[in-house]
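Undergrad: My questions will all concern the structure given below.
None of the figures in this text is laboratory data; all of them are computed from the coordinates on show. The model shown is predicted, which means the values in this text are computed figures rather than measured ones. Quick reminder, even Gly has a Cβ in these numbers, built from the backbone with ideal geometry, and neighbours come from all protein chains shown.
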Amino acid sequence: MRPSLVWLHKQAGLFIGGALLLQAMAGVVIVFKHELEAPKTLPVSDHIISIDEAFASATAASDLPIIRIDFPASSKDVYRMRMMGTDQVPHLLEVSASDGHVVSQSLMLAHPLEFMLHFHQTWFADGLSTVLLTTIGLVGFFLSLSGLYLWWPRQHKILQALRIRGPVFTPPFWFSFHKSIGALACLIVAMLSITGALSALRGTVQPLIKQAPDIVAFDHAPEDQGSPISLDSMVKTATTAVHNMTATDMRLYKDVTLVVLRGDDSFITGRVWIDTYSGALIRAQDARNATWDVVLYDFILRLHDGDIAGLGGRIIVALGGLSLILLFLSGFSLYLGRRRAAVRRKPR
């Protein structure tokens, strides 16, 4: 069994190693997205303009439909308006939270952090992204567990098995380095791999809008329903319906608005669906009434990005990503070294 597992581990690494490297490189950066986002040079003010005022500024600056609004953390922050162009290319428009002026407007993928986040979540593969990301995650999970099995010392001399041997950058060095890093990081890598695969399966672990089947009734609403109600009033309705949570963003669908909320004492994301035109509450969801699949999905997402444990969790996730990078570099160096050695041994 062991020789077969060694062969499978090697082939799986060669098959998906490059993809895991790219996922890890993007993940290590975007896990600190909030901390890395460049601070804006904005007026100092204790006042935060209303959502409706920010929305008015954005619509005056652009004709593109707004599909999502991310709320500012303070008056020094910005409202981030995500827009969708006619060519289905997302745009990002930022409005100052203190005075309402437009800070920037550009393609979303022109922002390095947004580009890496979109790549990490979709690989720009549209319909194939679920299959691709699930495959990467499952193969990464197999590599971490098979690597642990192959490394595990038979006489339980764990510390001795973790030693790095041989001259630096030689095959014995890369072999022991690869095994040691893999053994130390295998559980984190396994967690990141399986949660990444599961989070990509959006059809089985239901996300966001699919959790409210009664929203379908609003898809064919009459055209004379009037103008949308105030965005601020919808957020007020949401925060009243879901206790002890703060609204973080809202998603603007055709006839329904989804307000997303977060609380400090729960990893469950609050979600409130509101009729855009009447302001009627369609459905409110929080930790009190969330179904098992919602709880599982939110747990998977917050475990994958480390947010479940705050900054410490994100640091652990980043270390897992760094270990994946080191595992790829050491594994590929070991593979190249053995290929060169095999070529030298061939008779000429």
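Undergrad: Relative contact order of region 34-121, please, whole-number percent, based on alpha carbon pairs below 8 angstrom and at least 6 residues apart.
TA: Here the relative contact order equals 26 percent.
Undergrad: Moving on to the next point. Helix 2-30 against the longest principal axis of the chain: what's the angle in degrees, Cα atoms only, rounded to the nearest 10?
TA: 40 degrees
Undergrad: When a footprinting reagent is the concern and you count Cβ atoms within 10 Å, what order do Thr291, Thr59 take, fewest first? Intermediate values should be presented prior to the final figure.
TA: Values: Thr291 11, Thr59 15.
Least crowded to most crowded, the residues run Thr291, Thr59.
Undergrad: Also, I was wondering about something else. Give me the percent relative contact order of region 1-154, please, defined on Cα pairs under 8 angstrom at least 6 residues apart.
TA: The normalised contact order for region 1-154 reaches 23 percent.
Undergrad: Mean projection of the alpha-carbon convex hull of the chain over all orientations, in nm²?
TA: Projected over every direction and averaged, the Cα hull of the chain covers 23.4 nm².
Undergrad: Which trypsin sites (Lys or Arg not before Pro) from region 30-124 combine a DSSP loop assignment with at most 16 other Cβ atoms within 10 Å?
TA: Within region 30-124, the qualifying trypsin sites (Lys or Arg not before Pro) (loop, at most 16 other Cβ atoms within 10 Å) are Lys40.
Undergrad: Shifting gears a bit: Nearest 20 debye, what's the magnitude of the dipole of the chain about its Cα centre given +1 on Lys and Arg Cβ and -1 on Asp and Glu Cβ?
TA: With Lys and Arg at +1 and Asp and Glu at -1, about 3580 debye.
Undergrad: Ratio of region 83-186's C-alpha Rg to 2.2 N^0.38 Å, to two decimals?
TA: 1.77
Undergrad: Ok, one more. Once you've got the Cα coordinates, tell me which of Lys33/Lys76; Lys10/Lys33; Lys10/Lys346 are over 26 Å apart.
TA: Checking Cα-Cα distances, Lys10/Lys33 exceed 26 Å.
Undergrad: Measuring from label point to label point, each 7 Å out along Cα→Cβ, what is the Leu319 to Phe32 span in nm?
TA: Placing both labels 7 Å along Cα→Cβ, they lie 1.5 nm apart.
Undergrad: Taking 0.36 nm per residue of separation and subtracting the Cα-Cα distance, what length does fully extending Thr86 through Phe299 add?
TA: 73.2 nm
Undergrad: Taking the Cα atoms only, what angle lies between the long axis of helix 129-151 and the longest principal axis of the chain, rounded to 10 degrees?
TA: Between the helix axis and the principal axis of the chain, the angle is about 40 degrees.
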